[in-house]
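*Asks:* Mind looking over this structure? Questions follow.
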Amino acid sequence: MLELTQVEIYYGKVRALKGVSLRVPEKSIVALLGANGAGKSTALKSISGLIHPASGSIRFCGEAIDRDSPERIVRRGISHVPEGRDIFPYLTVSENLAMGAFTRPKSEACETVQRVFGHFPILHRRRKQMAGTLSGGEQQMLAIGRALMARPKLILMDEPSLGLAPIVVHQIFEIILEINRAGTTILLIEQNAHMALQIALHGYVLETGKVTIEGGATELLGNQYVRHTYLGMKV
Amino acid sequence: MLIHVVISGIATGCIYSLMALGLTLIYKATEHVNFAQGDMAMLSGFVAFTFFEWLKLPLPLVFCLTLLFSIGLGLAMEFLLVKPAIRGPHFNVFIITLGASIVLQSASGLIWSHDQFPFPSLFPDKNLVLGPVQTDAGSVGIIATTLVLMLILFLFFKYTKVGTSLRAVSQSHRAALLMGVSVRRSFALAWAISGLVSGIAAFLIAPVVFLSTQMGLVVINGFAAAIMGGWGSFPGAVIGGISLGVLENVAPYYFPPQIKGIIPFAVLVGVLVIRPTGIMGEKRQRRV
């Protein structure tokens, strides 16, 4: 469904992605693992059109999207849950969700909002509150809910577990699975490799802008190097 | 008598509020500071004057045509001056608008001369008696127009999708982009609305102070109002503007008239010493 081929990205003269290729099959969960600064977020930003690759191609459902604006890409059916959540702190929860459906007619949005509240009942209780007053976990739920409002075919998630208590991380991952079962494809960035590989079908390890290891999730969980470096296990 | 002074002070304050509101609109959406806000109003004033005095069009038609011009002026400023510098530091845009302010002033002087012209008021020139309060229709008209405009702006920003998206853009450009909001179009829209506000301000200011190329200097009071109310806050812009206008009008009632120009700024300094963020201002939150 999504295919990156030899994508290269520069920040000024710094080459942040050095020819990254990866594939996300339809209805799957694919995990992108790696340490800080490996280029995971950069890869996601290039998919959602926030930055454009210098070379290489990004194809979604068979069409090249690497020159599209973020606006076009949202309309194509890709939603991005950004790093650090990036909700609108001075809009209410409802308004945040409404913004998620910016590209869609109002009548459809009303129906989708009920589904989002189904996934996240807490957001319904907090719907009139300013989003900035929510807890970290609730803000993450809002960020995911907001992305769902566009009814995407593919969701890009940038570190949804960052800074959350373990119990909340479990909840979030449950919901990610739920969303996936409902038919949405997910590309997930995580530092919490253990959690990510438990729900993912396939994984890629990114190191200093290159894919160094890829394979099925169980295969990666068994890989000595991955176990040592990303799962913190003694070899 | 005092109440009349206060009411005309509120009317003056409404004008400052409109200036402050125009500045805040652009600042909130784009983080740019538009020094030419006052001169946009001045130019709209002269355009209205031309329609009215030279082409002899009826005043309501002049009003509508001028507001269309004001919106176009805001869009043109954004497209011609701000957009090319969009990747530069915000300070560059400030200097560009400062330059634009001087150019607009000189160019208007070239076309219409630097003389003062009487400007027709939208409101009848007569006294109003509301119970014990005596005041003039002009002041009441200014206050009412400002209130209606503010109500419309409030409803637009609070309840429409596009208005909400403008607020979203002001909170996070990146997140707004990811929602499919075009940040560029939002910038243009903020300038267009700001242009509209400056056009309405022109119709309110010009009858009071006469139309001249110096009229744009009212932007200084607009800045003072916006800063006193809390830079970047819409309610702050309104409260700051009205307090400034009332102070300016009431002070000469008790003190020598020369004090008029001093009091508002003395109070501004006082407010900022006690509350550095202004009356309604809040500390800017920085994300870690």
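*Asks:* Which ones in region A:57-98 are within 27 Å of residue A:17 (Cα to Cα) and of a type in the set (Gly, Ala, Ser)?
*Replies:* A:57, A:62, A:64, A:69, A:77, A:79, A:84, listed by residue number.
*Asks:* Which residues, taken from region A:169-211, are on the phi > 0 side of the Ramachandran plot and either acidic (Asp, Glu) or crowded, with 17+ Cβ neighbours inside 10 Å (or both)?
*Replies:* Correct list: A:209 only.
*Asks:* Follow-up. Can you find a residue that is surrounded by fewer than 19 Cβ atoms within 10 Å (Cβ to Cβ) and within 14 Å of chain A (Cβ to nearest Cβ) anywhere in region B:184-192?
*Replies:* There is at least one residue in region B:184-192 that is surrounded by fewer than 19 Cβ atoms within 10 Å (Cβ to Cβ) and within 14 Å of chain A (Cβ to nearest Cβ).
*Asks:* Also, I was wondering about something else. List the strands (runs of 3 or more DSSP E) inside region A:146-232, counting only whole elements, that have at least 1 residues being of a type in the set (Lys, Arg), touching a strand residue (DSSP E or B) at 6+ places or on another chain (Cβ under 7 Å) and over 22 Å from residue A:115 (Cα atoms).
*Replies:* Hits in region A:146-232: A:210-216.
*Asks:* Can you go through B:176, B:224, B:188, B:202 and tell me which one is free of Cβ contacts under 8 Å to residues at least 12 places away in the same chain and of a type outside the set (Asp, Glu)?
*Replies:* None of the other options fit; the residue is B:176.
*Asks:* Quick check, is residue A:120 under 22 Å from residue B:168 (Cβ atoms) and more than 14 Å from every other protein chain (Cβ to nearest Cβ)?
*Replies:* The answer is yes for residue A:120.
*Asks:* Please go through (1) more than 7 Å from chain B (Cβ to nearest Cβ); (2) under 17 Å from the mean Cα position of the chain (by Cα) for residue A:63 and return the number of the only condition it doesn't satisfy.
*Replies:* Of everything listed in (1) more than 7 Å from chain B (Cβ to nearest Cβ); (2) under 17 Å from the mean Cα position of the chain (by Cα), residue A:63 misses just condition (2).
*Asks:* Considering each of A:91, A:97 in turn, give the residue that is touching a strand residue (DSSP E or B) at 6+ places or on another chain (Cβ under 8 Å), within 11 Å of another protein chain (Cβ to nearest Cβ), under 27 Å from residue A:110 (Cβ atoms) and of a type outside the set (Asp, Glu).
*Replies:* A:91
*Asks:* Pick from A:75, A:146, A:126: which is buried (at least 18 other Cβ atoms within 10 Å of the Cβ), at negative phi, at the interface with another protein chain (Cβ under 9 Å from one of its Cβ atoms) and of a type in the set (D, E, K, R)?
*Replies:* The match here is A:146.
No value in this document is a laboratory result; all are computed from the given coordinates. Just so it is clear, the structure is predicted and the values come from calculations on it, not from any experiment. Please note: Cβ atoms are built from the backbone with ideal geometry, for glycine as well, and neighbour counts cover all protein chains shown.
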